[in-house]
1. Once fully extended, how much extra length lies between Ala100 and Glu168, figured as 0.36 nm per residue of separation less the alpha-carbon to alpha-carbon distance?
2. Could you check which residue among Gly135, Gly247, Gly164 shows the biggest mean-square fluctuation in a GNM of the chain with a 10 Å Cα cutoff?
3. Under the Karplus relation 6.51 cos²θ - 1.76 cosθ + 1.60, θ = phi - 60°, what is the ordered set of whole-Hz ³J(HN,Hα) values for region 63-72, x standing for Gly and Pro?
4. Residue by residue, what Karplus-based ³J(HN,Hα) values in Hz, rounded to whole numbers, does region 337-346 have, using 6.51, -1.76 and 1.60 with θ = phi - 60° and x for Gly and Pro?
5. So, by mean Cβ neighbours within 10 angstrom, what's the order for 311-324, 227-240, 273-286 with the highest one leading?
6. Where is the GNM fluctuation largest for the chain (alpha-carbon springs, 10 angstrom cutoff): Arg409, Arg389, Arg85?
7. Counting only the backbone N, which residues of region 351-391 are under 12 Å from the spot 7 Å out from the Cα of Leu40 toward its beta-carbon?
8. Would you calculate a helix-derived [θ] at 222 nm for the chain, using -39,500 (n - 2.57) for each DSSP H run of n ≥ 4 and dividing by the full residue count, to the nearest 500?
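Computed from the coordinates by the stated procedures, all read-outs in this text should not be read as laboratory data. Since we're looking at a predicted model, the values are computed, not measured. Using ideal geometry, Cβ is built from the backbone for each residue, glycine included, and neighbour counts are taken over all protein chains shown.
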Amino acid sequence: MDTRLPSGNAPARCLPSLSPAIARERRYGARNYDTLPVVLKHGDGCWLWDEHGRRYLDMMSAYSAVSHGHAHPRIVGALVEQAQRLAVTSRAFHNELLPAFLQRLAEVTGLDRALPGNGGAESVETALKAARKWGHRIKGIPADRAEIIVCAGNFHGRSIAIVGFSSEPQYRDGFGPFPPGFRQIPFGDADALARAIGPNTAAFLVEPIQGEGGIVVPPAGYLAQCARLCREHNVLLICDEIQTGMGRTGRFLACEHENVRPDGVILGKALGGGLLPVSAFVATDDVMQVFTPGDHGSTFGGNPLAAAVALASLDVLFDERMIERSAEQGAHLLARLSTVKSPLIREVRGRGLFVGIEVERERLAARDVVDRLLARGILSKDTHGTVVRFAPPLVIERDAIDWAVEEVRAVFAELGGGLRCAA
């Protein structure tokens, strides 16, 4: 298999306007995605191949779900071995792998108990239920009055409850009425949190770095100050680490950058090793005590196959020092992207291998950059038309990063001209 980097800047590719696979998806699928015009067929590490054999550098990792790289042999091996033995039993019965998975989650997060699920949004909903019941039963908030504070620009999933407290109009349009009980404040403003906390506040739900919001890194000390406020007012701090967790930002959890230990953490995406949907809500005993048999459940949550894959994913993450790689390679990616100078670039920001380029929205749509990178063999994605996101697998090599940055530089040269390298 050829994994050599292209030499120099790759010429623009002539992508097929409408392949049979794309035509069929458009005919039979709901139109809820504006998908890039490429049909992927095979993946290995940081690389993907389309149906015509063209190769692409994956700079998205399926929104961090493929942080270990495509088809990591140890994780695939764990999947195959367990699938041949026992895959799904439901939580009506015990299975031999779930206890080890729960213990491992508690150990790596520094928390006490875990409740497994499938997709990230499911575990966000689990956290919301836990926070509300904790507020009512433990804190003493009157029935049906518990309030959860969230941030503008958040992205926690797409359920009715979650889109109900989103600040993105499209996520909400046509899907109301929405459940009450949420209060929104600006992200990165701890003083706003202090003002918003009231006697009925049960929890503060926050992403340590906003991903879908545009790789928005809050001011230094923000999360630590929020944690202090939550402790002072007996409010739960729940960190959504679905995208930022599992080493993406150079620490196992992004909240570790400020030595914050939240009351609850939500994990997903990379927990499934790029092979299965696996998620979990992990929290303290104080929070988890609110659940009793029948309060909550998930048919597939905690199944033996998912537990085996997640355990392998965690082992690989630590055994192969992927977290350290994310910190080192991420610093290099950020430094190299910062040398791309263009009047069309407003800011380059990020932490670890979680980086975004914000463009001048009045002069350029980020999707234009994404489309040109696709033609050059790089897979990325924009958010809200303003930010090009880069979140490659944590196994990416430095020469691949350097090649990708030169392609980014070439794209901005095509779009705006007047580029120069930083000294």
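1. On the way: separation 68, 0.36 × 68 = 24.48 nm, distance 3.90 nm.
Full-extension gain reported as 20.6 nm.
2. Gly164
3. Result, rounded to whole Hz: 6, 5, 6, 10, 4, 7, x, 6, 6, 4.
4. Each residue of region 337-346 in turn: 5, 5, 8, 7, 10, 7, x, 8, 9, 8 Hz.
5. Details: 311-324: 18.6, 227-240: 20.3, 273-286: 22.8.
Top of the packing list down: 273-286, 227-240, 311-324.
6. Evaluated over the chain, the most mobile residue of the options is Arg85.
7. 378-381, 391
8. Numbers: 14 runs with 143 residues, N = 423.
Mean residue ellipticity at 222 nm (helix-derived): -10000 deg cm²/dmol.
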